[in-house]
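Please treat every number below as a calculation from the coordinates, not as lab data. Fair warning: this is a prediction, and the values are worked out from it, not measured in the lab. Please note: Cβ atoms are built from the backbone with ideal geometry, for glycine as well, and neighbour counts cover all protein chains shown.
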There are 2 protein chains.
Amino acid sequence: MLHVDYFNSTIARRGRSKIFEEPPLKDVKVKESLLVLMNVEKQDEINPQHITRKTVEEIMKHGSQLKVKTIILHPFAHLFGEPSKPEVAIDIIKLVEKDLTQKGFNVARTPFGWFNIWELRTKGHPLSRVARKISSN
Amino acid sequence: MLHVDYFNSTIARRGRSKIFEEPPLKDVKVKESLLVLMNVEKQDEINPQHITRKTVEEIMKHGSQLKVKTIILHPFAHLFGEPSKPEVAIDIIKLVEKDLTQKGFNVARTPFGWFNIWELRTKGHPLSRVARKISSN
């Protein structure tokens, strides 16, 4: 998760996944926000509801601490874990989006299954980059 | 590793490590390049020379494929692995820098032990983000 001053994302190319969301989901163009690069992993297929709830908790906790109102959910399969089936990933990401919206955050989301051009500026404080692993245990 | 159109990094705050490099290493401001976010891990302490060589190989291979001339080595301890002792990390990063320079790349490096403000734009092609794990085996 990166605390950013701004984040612009433009859809560029289809990714490797055969399953993908049709754009437009609009290009994302937001100011101060928390950018969540998220990878749904193989073992998350077992209990997606639990993973969703814990993910929302972690994002809320960190987002509240930073006093950000906007969360960007960005599927990112380059975090070393083995990715889940795309269907499961899309489901979980959408559930996280819905829950965070209900909790009062503005949520921007980039479509699953695409490469994007990013343009961003991060902040430089000690909580401006954090990594979290969510597991079922 | 991110293939970027530009990357500007400004030193902001000391990180958590008690061992750190005194800036200035200058702020980094480069155009098209390969941004390598790198974390030296605990198990890399066993055979740093081997890790260094394989790291240089991976970066060279990817950098050549992308036809970039400039590599940015940026210490980044948020990639889930358990970090090595900072002394070992600094040694390995400096060796990687030296080797890549000898191979003909321009190498920019951010100092170890600091948080930075990043400003960047990535490309959006399928090889614009890749992740690599280097192990001793």
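Counting Cβ atoms of other protein chains within 10 Å of each Cβ in A:127-135 and taking the mean gives 3.
Ordering A:108-118, A:122-132 by mean Cβ neighbour count within 10 Å, with the highest value first, yields A:108-118, A:122-132. Dipole of segment B:2-122 computed with +1 at Lys/Arg Cβ and -1 at Asp/Glu Cβ about the Cα centre; of B:Y6, B:P83, B:G63, farthest Cα towards the positive end is B:Y6.
Distance from the C-alpha centroid of segment A:39-66 to that of segment B:27-59: 30 Å, rounded to the whole angstrom.
In this label model, A:Q102 and B:N8 are separated by 4.2 nm, measuring between points 7 Å along each Cα→Cβ vector. Distances between equivalent label points of A:K133 across the copies, with each point positioned 7 Å along Cα→Cβ, amount to 1.0 nm, shortest listed first. Taking a sphere under 15 Å around the Cβ of B:M60 and counting the other residues whose Cβ falls inside, with K and R at +1 and D and E at -1, yields a net charge of +4.
Cross-link partners of A:K18 among lysines, defined as those whose alpha carbon lies under 17 angstrom from its own and excluding same-chain residues fewer than eight positions apart: A:K42, A:K85. If you sort the three axes of the alpha carbon gyration tensor as a ≥ b ≥ c, you get a/c of 1.5 or more for chain A and a/b no higher than b/c, which makes it oblate. Placing a label point 7 Å from the Cα of A:D27 along the Cα-to-Cβ direction, the distances to the matching points in the other copies come to 2.7 nm, shortest first. Annotation for A:K103, label-to-label distances across the other copies: 4.2 nm (shortest first, one decimal, point 7 Å from Cα along Cα→Cβ).
Report the local net charge at A:D99: Lys and Arg +1, Asp and Glu -1, summed over other residues whose C-beta lies under 14 Å from its C-beta. Overall, the nearby charge balance is +3. Peptides B:72-81, B:59-68 ordered by packing proxy, namely the average of other Cβ atoms within 10 Å per residue, highest first: B:72-81, B:59-68.
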